[in-house]
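The values are calculated or read from the model by the stated rules, or taken from the named source; none is laboratory data. Everything quoted here is computed from the prediction, not taken from an experiment. Note that we place each Cβ from the backbone using ideal geometry, even for glycine, and neighbour counts take in every protein chain shown.
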Amino acid sequence: MATVDYFERKLDDKRRLTIPAELRAEFAKGVVVTRGFQNYLHLYPKHVWDEQLEPELKGSILDERVADLNVQFRTGKTEAAMDQKQGRITLEQHLLDYAGINKSVIAVRAGAYWRITAS
């Protein structure tokens, strides 16, 4: 089976994003959505957030870089389970507003996570 590194979707009227069937196992244990470095969103499988991001966010209490990263990634952060039957996740309105997303999105794999932008 080919690796999926890119997909386009339209959000439904309830702000739900359907994850392609080929990727659903990646998000089966949960999803974390955060603001990105610029006006886009990051979509993490829960295990990637827990194993790779959380350790990076636990630096010195006096390290301004660590503090800035915490503010960046924790502001508006949401965690959710993926709807196993339909393979959907709901994106919060404040995150969509941050990224300038109305209806159509493009998702591109960026290593262990996904970058979601307006299309």
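Please go through the stretch 42-53 and give me each residue that is touching a residue at least 12 places away in the same chain (Cβ under 8 Å) and part of a helix (DSSP H, G or I), ordered by number. Result: 46, 47, 48, 49, 52, 53. Looking at the stretch 48-59, is at least one residue at pLDDT 95 or above and of a type in the set (Asp, Glu)? The answer is yes, given that some residue of the stretch 48-59 is at pLDDT 95 or above and of a type in the set (Asp, Glu).
Selection of first residues in the stretch 5-30 that are without any contact (Cβ under 8 Å) to a residue 40 or more places away in the chain and of second residues that are buried (at least 17 other Cβ atoms within 10 Å of the Cβ), restricted to Cβ pairs under 6 Å at least 6 apart or on distinct chains, gives the following pairs, ordered by first then second residue: 26/45; 29/46. Scanning the stretch 8-19 for residues that are over 20 Å from residue 94 (Cβ atoms), within 14 Å of the chain's Cα centre (by Cα) and surrounded by fewer than 19 Cβ atoms within 10 Å (Cβ to Cβ) yields a single hit, 18. Check whether at least one residue in the stretch 84-99 is modelled with pLDDT of 95 or more, within 13 Å of residue 116 (Cα to Cα) and over 12 Å from the mean Cα position of the chain (by Cα), and report yes or no. Yes, the stretch 84-99 contains at least one residue that is modelled with pLDDT of 95 or more, within 13 Å of residue 116 (Cα to Cα) and over 12 Å from the mean Cα position of the chain (by Cα). Put simply, of 106, 101, 61 the only residue that is aliphatic (A, V, I, L, M) and in a strand (DSSP E or B) is 106.
Yes/no matrix, rows are residues, columns are (1) of a type outside the set (Phe, Trp, Tyr); (2) under 16 Å from residue 89 (Cα atoms); (3) without any contact (Cβ under 8 Å) to a residue 12 or more places away in the chain:
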residue	(1), (2), (3)
33	yes, yes, no
40	no, no, no
55	yes, no, yes
59	yes, no, yes
63	yes, no, yes
71	yes, no, yes
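Within the stretch 25-41, if we keep just the residues that are assigned to a loop (DSSP other than H, G, I, E, B) and crowded, with 19+ Cβ neighbours inside 10 Å, the residue that is modelled with the lowest pLDDT turns out to be 36. Checking each residue in the stretch 72-119 for being surrounded by 15 or more Cβ atoms within 10 Å (Cβ to Cβ) and basic (Lys, Arg) picks out 77, 88, 109, 115.
As a summary of the residue check, residue 22 satisfies the conditions (1) over 14 Å from the mean Cα position of the chain (by Cα); (2) exposed (fewer than 12 other Cβ atoms within 10 Å of the Cβ) except for the one numbered (2).
Only one of the listed residues (23, 11, 41) is in contact with a Lys or Arg (Cβ under 6 Å, 6 or more places away or on another chain) and hydrophobic (A, V, I, L, M, F, W, C). That residue is 11.
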